[in-house]
Each structure stands twice: as structure tokens, then as C-alpha cells.
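Heads up, the thing below is written out as C-alpha cells.
All of the numbers you see were taken from the coordinates with simple rules; none came from a lab. Since the structure is predicted, the reported quantities are computational estimates derived from the model, not experimental observations. Cβ sites come from the backbone with ideal geometry, for glycine too, and all protein chains shown count toward neighbours.
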Amino acid sequence: MRGVRRLLGGVAALFGRARVERELDDELRQFLDAATEAKLKEGLRPEDAERTARLQLGSPAAVKDHVRDAGWETVAEQFWRDVTYAWRGLWRSRAFLATTVCTLAIGLALVTIVFTVFDAYVLRPFAIRDPNSVYEIYWRSQEAAGHTFRWRDYQDITVRTDLFESAVVEDSRYLSSNGTTLAAAFVSGNYFEALGAPVVLGRGLAEYDASAPGTAPVAVLSDQVWARLFDRDPGVIGREIVLNDHRLVIVGVARAEFQGLDDYPQDLWVPVTMYGPVLGQNLFGTNQARELRVLVRLRRGVTATQAQTSLAIEPFETRIAGHVDPVRAELQIRGTRVPLTPDVVALMAPVFAAFALVLLAACANASNVMLARANSRHREIGIRLALGASRGRVVRQLLTEGFLVAALAGATGLGIAAIALRAGLTLFVNALPAAVSSLVRIVPLDFDRRVFLFSFFAVSATTLLFALLPALHATRLTLLDAIRGHAGSKIRSAALRSILVGGQVAISLALLIVAATLVRNGVAIANAELGFKPGSVLSVNVRGKSSLIPKAAAALAMDSRIEQVVVTSRNPLFGQLPKSPVREGTRVVPVSYLFVSPEYFSMLDIPIVHGRGFSPEEASEQSGAAIVSAAAAHALWPGEEPVGKTFRLDLEEPTGVADVLSRRLKDIDQNADAYVTVVGVAKDVVSGLVYEGMDRAQVYLPTTVEGQHARALLIRPRAGAGLQADALRPTLLQVHSDPLKFETIPLVEMVTVQTFPLRIASWIGSLLGAIALALSVSGLYGVLTFTLGQRAREIAIRMALGAAAPAVVRLVMRQSARLAGAGAAIGLLFAFTVMKLLSGVIRLDKVSVVDPGAFATGVALVAAAVAMASYGPARRSTRVDPALILKADG
Amino acid sequence: MPNEPTPTDLVQGTLHMLILKTLALEPMHGYGIGVRLEQISRGVFQVNGGSLFPALRRLERDGLIKGEWSATENNRRAKYYTLTPAGRATLKRETRDWEVQTAAIARILRASAGEV
């Protein structure tokens, strides 16, 4: 009750402050009058009476101050007064305000962006019941590892109710739906129930939806698809959605926060029993495809290690080894999109370090500017201390100023982060070729409570970091020194500034070197020799069943704009090719293989360096002819004549699914032997991943459009036809009514797609480096301007004694070079360490870890920046008239 | 604030109690309170404005006393403070507490070795 009264009194006092002040004045005057009157009555003279009365009351100002201190509202009031005072002061030095706020805002924005992305992928748990008990099962053998299983393996896992409360399967595919691409997850019937995945409308999938293959054509939509395709129609339940020609009845809509358990958000969920009808692949027969991810919920009290050791998986024959290889299970926590494993930490650590360094550089910069400002305010602070302000009060005032700057910076930083995230995503998607960008699914990157909290802590920490130091420093001086213009501990503050500037130089140099290395690596990879000429060749892949290949090939061959059509088992640059072990004597060489029609070599300009190409008669998968790459010939038969050699291949059973872009790399365990004889040797080319370079060992096998392995087409437009990928649409529509059934991409764009992550990394690296460099330039510039201002007398005396302006400039430049040199030395050391760490994460095949070019670029940039930052202030300091300065200070 | 009263708290708290006691006798203005305290304590307590007015402000804010402007005996305007019912209750409680405490302290100070 008393608290409430006190609060109300305080609020009333805050608002009726003028009246309260007036009343207090009256009351004090009355006290004086009464006291004087009493003294007069005692017989004192009027002057003495008044003096005694005044003594009794004390200084009215002090009494009023004490009275004000009596209520809580004074704290708020003082704070408000501090804020307005700080704002007035800051507004007077707008340049200072703009510099610090921008510097800190950029640093904070960068960290907020990283944290937002990190939070969305790594920290935020899936919106399911008890996400921390969900694990994904991986398998690992001596030579291979993977995370896909057969239906049979899943059945074996589900019976282990002693270990797992439940087990679900999931397999995500990109499928075509009336002109759009949808990411569909094929899941077991217990998926929604076992995970506790929330549904906003209708129901989740149930066991009876997945009781027998092909019986329940139903689907649950994601919130995003519900909004995008159905405009959030509340009557969507019972409507249909088409998926690869199959009509599925919508039975439910998942809540917005649930987007599946894969790395990217899913668009809809379909019973796993629809796998066969939709994808044309049998999961349940005798020869089961290994396509399914298995996720389990651990039983309470069972640890992952226990489950791992007691879970036996029927061994698969792993393809590369070519023999039965014991397989053991591994459990990995899957409560968030990206589990926080040591690998992820290793991958994220350098990224985080780079962003944190930029924030650190920003803080150092702001701190430096604050320090310089606090030093130049010695006189003001000295006078305030002399007028009776306590040291705590002055420190509080300076801290308020810091808080104000940090709050402004925080708000600006959040704004920048929000805009940059949106712009970054748009840029990211637009930089991808259209065919790929439609497949990109990005987790919603929203600012949530956590991001705000994080930013708030970052701001608070920054405030303390850069405001407290100058504040304490500035108040530790005597009035006399301050008024005379001497800073108390000049030497220490100079050292502090030097450390801050040196640190900034070190950070920016390190970041620049890393960025330059990444850029050079990316450029080198993008310009790497492919060994063949993609030219204007277009790649056409079929989504779903490949039975459309002959029809598509025929239709395209009829198109007058097209010169040549070639069929392959997988188009070049679409990921790693399947491999088969080849035994030659005691050696086992893993050889990747590719089925092509005979014109493949002429279309892509791949020279046959020895022997001959496939003859038209050999265009059959049963012909037994093979062309090996030069590397394969060398690996299998070094120094021998390869033509005429015969060897055995274990070939992958064609799965009939060729949506290559979306397919996970997996090893497949069905076998088909083939004995082939070498007829020719082709030049080495890159047919898999650009950054992996030329194929190590490669064998080409012949096929035709009718062939079992024929899954993709390459077409070469007629010269001058200027045929774009989109222009093929009418032709392909004759083959199938769904235009998205075919995925058409110019082959050259696949190089862009493959080098995309590298480009992103070098963009981000360059951006960070540039920001850090700009920060250190502005930091150095500020410090020099300030110190040269302080050294104006010294310079004036030097010049009065006859020093020439260039000599003074040289002196100053030499000093800043020394400062920057020390920083650069640390930076080089640091860059070297970072590169060593980074080389374990990013493949740096094309450039060495200590790339001389990158190091030279970094050093040159920093040196130029330092020279630029120091020349201006140095030059300016020599332009003033010595007489003026010396007179003014006399 | 910790439970242990610091010396300032003690003095301040005591001053509050003394002001309440003074006002329990009759309503009074600021100067009058100071004079009365000095008179009753025979000059031991000399209260200056710096402690008196903050104390009055606190008591008023806590609703223990109430100030009103009215005319003095020689026709001047002054702010007269009166005790509110809450103030009366507080004074009663604090007086009792004070007596208990001082009695206890006195016993401790008088204690000789044999009594312990």
C-alpha cells in the first residue's frame, strides 16, 4: 500500500514538478523568515540574525537537491536530464555522432545477421514435441557412410521398442505440380503422430494412410503452400493437388512453424506408400532401393551411445568397396535443422570469428573516437567536478552518453540487418540460374525475441566496453590540470589508442587476406579448364520417370532449331557420377562410369586421343564396347596398350528417377555385372564437380534413347538460332502437358551453380574485409587528427625552428607507419592461422594456403589505406601559422 | 537495501520518528519542528534544513504526514504539517519498537561477566 502511495506521489511529483519546486522555494523562504524573526526576538542585530538563520538552513540549492534526492522520481528525472544533456552534446558534434553510430551499427548489423541465420538453422529447435529426443540414424562402414536406408532396415529398427519410442522415415524430393516445383516429403504413416507435428487444419497423416502401397493418395500441405497455391482457403480440405501427374486429396495443413525435419523447408507431406506410383520406384519389393532417412525418438533413459551399440543393421554391399562390408549405426541428434556437431562448429567457427572481429574492430573504433572526445572534454569535466558534481555523477553522465550512442546504433543496426537480410536473400536467389532458384527453399529468417535479446546484450556490452573506459579515464584528473589543459595520464591514453588502432589494422589485414584468398580460389575454380566446350549446349533432365526420354528425344530431333540430340545416363556437371570398382590384378580402382550416345564426344568437343570413338553399330548398352579416359587408362594399365583390354564393371540398377539436381548422392546396392572391352581413350574432362577437378578415372559406355540407362538429354541448337532454354517449352509440351516435367538448363550455367557457394563465400569475405578496412582507415584518421591537434605546439615550434613542411609530414607518416606496421605483423600471423583453420573447412585446391598473391594484395591495400589516412591530417597540421598557435597558448 | 541499518539509516529513521512525535503534539511548520526538537532535546539535536526538508518530503510522500498552507500567528503564510492516521499508527509502532530495542541495548551494555 505504501509502495503504491510512494509511486503515485512520485508520478505526481514528476508531472507537477514546477509546482512542487515553487512550493519548496516558498517553504524555504518561510523557514528563513521565521528563523530570522526568532533571532531578532533573541536580540540579535538584523544582519547577524539573517546570517544565523541562513547558517541554520544551509545552502538553499543544496537543501533543494537533498529534497529532490528523497524520491525515486529523481533517478528517472536525472536520467532524463542526462539523456537530454547528452543528446545536446552529441548533436553539437554531429560528425562524431554519425561516425560512432554508423560504425557500431554496421558491426551490430553484421553480428545480428549471422546470429539470425545461425538461430534459424542451428539453434531453433523443430516445432515438434520434445525435439531434443529426436535422433537421425546414419550408417558407416569401413569405406563408406550414408544416411539412407531400405524399407527393410526401417522395419528392423521399428521393432527395437526397447531403444526407441518411435521411428519414422522421410525422403524429400522435388516434384512437379501444375507448373510449380514442390518439395515433397514421403513419410511413414506414424510421422505426424510420433513427432507431435502440429496441424492447423484437418488432420496429419495417419497409419491407415500408409497401410498398403498406392492405396491412399492423400497429402498434408505446409502453411507456405497453403498460402501460395490456395490463398489460405479454409475449405482446402478435400481439394486436390497434383504431384507428378498424380492427384492427391488434401487432408490437412501443417502449422507455419513446422516445416519438416530436413535442411530446407518442405512443401507437403505424402504417405511413403505413394512412393511407387509417384516416383516409379519400388521401396517394398525384394530388391529395395535405399532411399529413406530414418529418424527415431529415443526411449526415456536410453542414451544415444547405448542405442548405437545395440542397434545392428543388416550389412549392405557398399558399391565402392565392391564387397560386403560390415555396417554400424550412428545416432546423431536432430532436434534442430543443422545439428550442432563438432563438424558444424568447425565450419561455423571461422565465419563467426570473422564477423565477431568486425564487431570488435567497430568497437575499437568507437572506443577510440570516444576516448579522443573524452580527452578533449577534460576542461568541461574539470569544471563540472569543481562545481560540485560527484565523480560518480560525471561517470554516470558519460555512461548515459555511451548508452545513447549504443541505443541509436542498436536501432540503426537492427534496421540495417533487416534490410540487408532481405536484400541479401533476393540477391542470393537472383544470382542463381532460374532453373535452380525455383528449387531453393530458405528457412524463414525472422527476427524473434532471441535476436532482439542478443542484440540488446551486444549493445549493452558495447556500451560498457567503449563508454566506461573513457569515462573513468576522463574523471581521474585534477581541476587544475584540466583547466590548464593538461590531460592527467596522457601517456597511458596514447598507448591505449595505439593498441586500438594497431588492433584494427591487424583485424582488417587478416580479413582482407582471407577474402583475397577466397576470391582467388573462387575465380581459379570458375575458370578451371573443363576439358570440353559446353558452348551453347542445353541440358534436358526428366523429373520423375525416365520413360519419356525416347519421346522427348524424338520431339527435340524434329525441332528445326536443334542440330543434334545426345542421350546420357547423367549429364556432365550434374554432380558426381556413380562409381564401380574395377579389379586389375591386385589393384582395385574406383572408376566412375557414364552412358552416352556415340555423338557425345563430338557434341562436347572431347577428343579421342587413342583408338576410336563408338561406331553407330556399337550404340547399344549390350555392345560391350567402352571408352576410357586417359587417367583411367593410366591407372589401370600403366605403360600398356589400353585398347583391347577387357574388364568387369558393377553397374547400378537404373532407378528410373532422373531428377538429378534434387537427388542426394547415395550409393546404391543393386548389382548388374558387365564385361566391356576398351575401344578408345578420351581426353580427361570434368564431368562431375568443378571443384573436384578432372575425373580421376572415367569410363564411357554406349547407349541409345531406348537404352535402360538413358535418363537425360543434351541438345545443341543450330548455330545462329539463339535458342534459349525457355524456347524449348512448346516442343516439350508436345511430349508432356506439364512444362515442369523437364528441367532445361544451359550447360555453362551448371558451372555457375557449382561455384555458387564459393562465390558467396568470397563475396562475404570481401565485404567483411572492406568494412574492416574502412573502419581502420577512419580509426587511424581520427586518432591522427586528434593527436596532431594536441601536438600542434610541438609542430609549430619545429616549424618555427626551421623544419620544412615535407619533413614534418614525413615524421608523422613514419610514426603512423610504425603503428600500422606493428598491427600488420600481428595481422599477418593471424591471417596465417585463420587460413590454416579455414583450409580444413573450405577446399582450396587452386590456391595454396599461403597464397602470395592474396597476402601481397592484403598488405598493399592496408599500406595504401594507412598512407591515405595519415597523409591528410599530417599535411593539414603543417599548414597552420606557427605564430598563431604559439601566441594562443602563451 | 540490506536489512542491516547503516548509521545514516538509523539517524534518518530516528529523525522520522522524532518528527512524527513532534507533530503528534500539534501541527507545525518546518522551522517550528526544528525549534521544538531542539527545545525538547535540550539542544542535543540541532536539525538543519538539509536533513529536515528531505525528511519532511519523504514522510509526506509516504502519507504519514500532510502539509497544508495556512496563516501563522503573525499572519504569515506557512506550510503546516499534521499527522495522518497512518502516521499516528506508524509512530505508535515505531515508539514501541524503539523502546524494545533501547531496553535490549541497555541490558546488553549493563551486562556484567557474571550475568552471561
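Remark on A:LEU205: its backbone amide H falls under 5 Å from those of A:PHE192, a criterion applied only to residues 5 or more positions apart or on other chains, H modelled at 1.01 Å from N.
Using θ = phi - 60° in the Karplus curve 6.51 cos²θ - 1.76 cosθ + 1.60, the 3J(HN,Hα) couplings for the stretch A:241-258 round to 10, 9, 9, 6, 6, 9, 8, 10, 8, 7, 10, x, 10, 7, 5, 4, 6, 9 Hz; x is entered for Gly and Pro.
Going from the fewest other Cβ atoms within 10 Å to the most, the residues A:THR181, A:THR161, A:THR586, B:THR72 appear in the order A:THR586, A:THR161, B:THR72, A:THR181. Cα centroids of the stretch A:410-429 and the stretch A:716-750: 36 Å apart. The modelled label-to-label distance between A:ALA95 and A:ARG391, using points 7 Å beyond Cα along the C-beta direction, is 3.3 nm.
Counting only other chains, and only Cβ atoms inside 10 Å, what mean value do you get across the residues of A:29-42?
Values: counts 1, 9, 11, 2, 6, 10, 5, 1, 4, 3, 0, 0, 0, 0.
Other-chain Cβ atoms within 10 Å of each residue's Cβ, averaged: 4.
For the stretch A:150-209, just say rounded, prolate or oblate: build the C-alpha gyration tensor, square-root its eigenvalues into a ≥ b ≥ c, call rounded for a/c under 1.5, and beyond that prolate if a/b exceeds b/c, oblate if not. Oblate, because a/c is 1.5 or more while a/b does not exceed b/c.
Net charge around A:LEU512, counting only other residues with Cβ within less than 13 Å of its Cβ (Lys, Arg = +1; Asp, Glu = -1)? Show your work: numbers first, answer last.
Details: positive: A:ARG520; negative: A:ASP851.
For residues surrounding A:LEU512, the net value is 0.
Under 5 Å from the amide H of A:GLU621 lie the amide H atoms of A:THR704, each residue being 5 or more positions distant or on a separate chain, with H modelled from the backbone and absent for Pro and chain starts.
Each of A:PHE647, A:PHE352 has some number of other Cβ atoms within 10 Å of its Cβ, and from fewest to most they run A:PHE352, A:PHE647.
Here r is the Cβ-Cβ distance between A:ALA883 and A:ALA825 and R0 is 45 Å; the resulting FRET efficiency, rounded to 0.05, is 0.65.
For the stretch A:703-712, putting each phi into the Karplus relation 6.51 cos²θ - 1.76 cosθ + 1.60 with θ = phi - 60° gives couplings of 8, 10, 4, 7, x, 5, 8, 6, 10, 9 Hz, in residue order, rounded to whole numbers and with x for Gly and Pro. Here the residues A:LEU828, A:LEU427, ranked from fewest to most Cβ neighbours within 10 Å of their Cβ, fall in the order A:LEU427, A:LEU828.
The amide H of A:VAL609, built 1.01 Å from its N in the peptide plane, has A:VAL681, A:ALA682, A:LYS683 as neighbours under 5 Å, considering only residues 5 or more places off or on other chains. Across the stretch A:202-217, coupling constants 3J(HN,Hα) worked out from phi with the 6.51/-1.76/1.60 Karplus curve, θ = phi - 60°, read x, 9, x, 6, 10, 3, 6, 6, 10, 7, 9, x, x, 8, 10, x Hz, and Gly and Pro carry x.
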